[in-house]
1. Test each condition in (1) open to solvent by less than 70 Å² (accessible area, probe 1.4 Å); (2) over 21 Å from Ile183 (Cβ atoms); (3) not in a helix (DSSP H, G or I) for Ile115 and report the one that comes out false.
2. If you check every pair at least six apart or on different chains, which have Cβ atoms under 6 Å apart with a residue in segment 94-117 that is in contact (Cβ under 8 Å) with a residue 40 or more places away in the chain first and a residue that is among the aromatic types (Phe, Trp, Tyr) and part of a helix (DSSP H, G or I) second?
3. Filter segment 1-40 down to the residues that are among the hydrophobic types (A, V, I, L, M, F, W, C) and exposed (fewer than 10 other Cβ atoms within 10 Å of the Cβ), then identify the one that is modelled with the lowest pLDDT.
4. Being part of a loop (DSSP other than H, G, I, E, B) and open to solvent by 50 Å² or more (accessible area, probe 1.4 Å) is the filter here; which residues of segment 60-108 pass it?
5. When segment 127-171 is examined, which residues are found to be free of Cβ contacts under 8 Å to residues at least 60 places away in the same chain, farther than 30 Å from Lys117 by Cβ and either within 18 Å of the chain's Cα centre (by Cα) or surrounded by 17 or more Cβ atoms within 10 Å (Cβ to Cβ) (or both)?
Amino acid sequence: MDSEKLKKRNLSINKDKTEKYKISIRSDDEWKKCKYLGTILDTENDVIRRKQLSMAAYQQYKHLLESKKLSLKVRMRLFNTYVTSVFLYNSELWNVNKKLETKINVYQRILLRKILKIYYPYKITNEELYKRTREEIWSNTIRKRRLRWTGHLLRLDENAPASLALKESLRQHGKKKRGNCKIWRHIVNEDLKSVNLSLEHDNIRNIAEDRDKWSVLIKQILEAKSTTDDDILVNAS
């Protein structure tokens, strides 16, 4: 939308904060620094930034999060309000692979151990850590958010910009791109594979239209993933 149309709606563009990027297959990595609606387009850079922001939030409320005067239940509610929400902002659109998921989960466990004040040489298994704090492993939270957002995307009008972008992505799915990068569509299809579906499935939009049915489908996917993911069962020092 151009500036003239914005003026008619009493809106204006702040030129000092406006950044222009050209993104194409042949473009360099300059676009990875682009920030849109508070999110850096490159997932790895955005995760790094989210770590910095969430750690700053943790330090700000450290006196509450590690206080013995508050119950663990209250402290975890504060943690999810002030820290988890900051780190997982827009995480449903991250392009995460197994390596990045591991880094995210390790970072979460570092924070949880801080809250419980468990430092070397004391040890606690990851399984016990999540059990005591009653927290969900962040990689599973991200997967759940991604699937919920996918449902919203599939329910959009077919002429909505996001729907058109998905349609174009699916149209290009057979063409070979440079490099070996896993894109968001591939990650969603990996999730849907466990229930014999994909974004290319003819009936996928009809299934998503039924919110209750889609919620059941998400639950089935998460259960299928949890049976194959033994990440939280590994002992940590």
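1. Exception for Ile115: condition (3).
2. Partner pairs satisfying both residue conditions: Asn95/Trp184; Ile104/Trp138; Asn105/Trp138.
3. Met1
4. Result: Tyr61, Lys68, Lys69, Leu70, Ser71, Tyr89, Asn95, Asn97.
5. If the condition is that a residue be free of Cβ contacts under 8 Å to residues at least 60 places away in the same chain, farther than 30 Å from Lys117 by Cβ and either within 18 Å of the chain's Cα centre (by Cα) or surrounded by 17 or more Cβ atoms within 10 Å (Cβ to Cβ) (or both), then Arg146, Trp149, Thr150, His152, Leu153, Leu154, Ala162, Leu166 are the ones that fit.
The values are calculated or read from the model by the stated rules, or taken from the named source; none is laboratory data. The model shown is predicted, which means the values in this text are computed figures rather than measured ones. Cβ: placed from backbone, ideal geometry, glycine included. Neighbour counts: every protein chain shown. All accessible areas refer to the heavy atoms of the entire protein, side chains included, with ligands and DNA or RNA removed. Shrake-Rupley method; radii C 1.70, N 1.55, O 1.52, S 1.80 Å.
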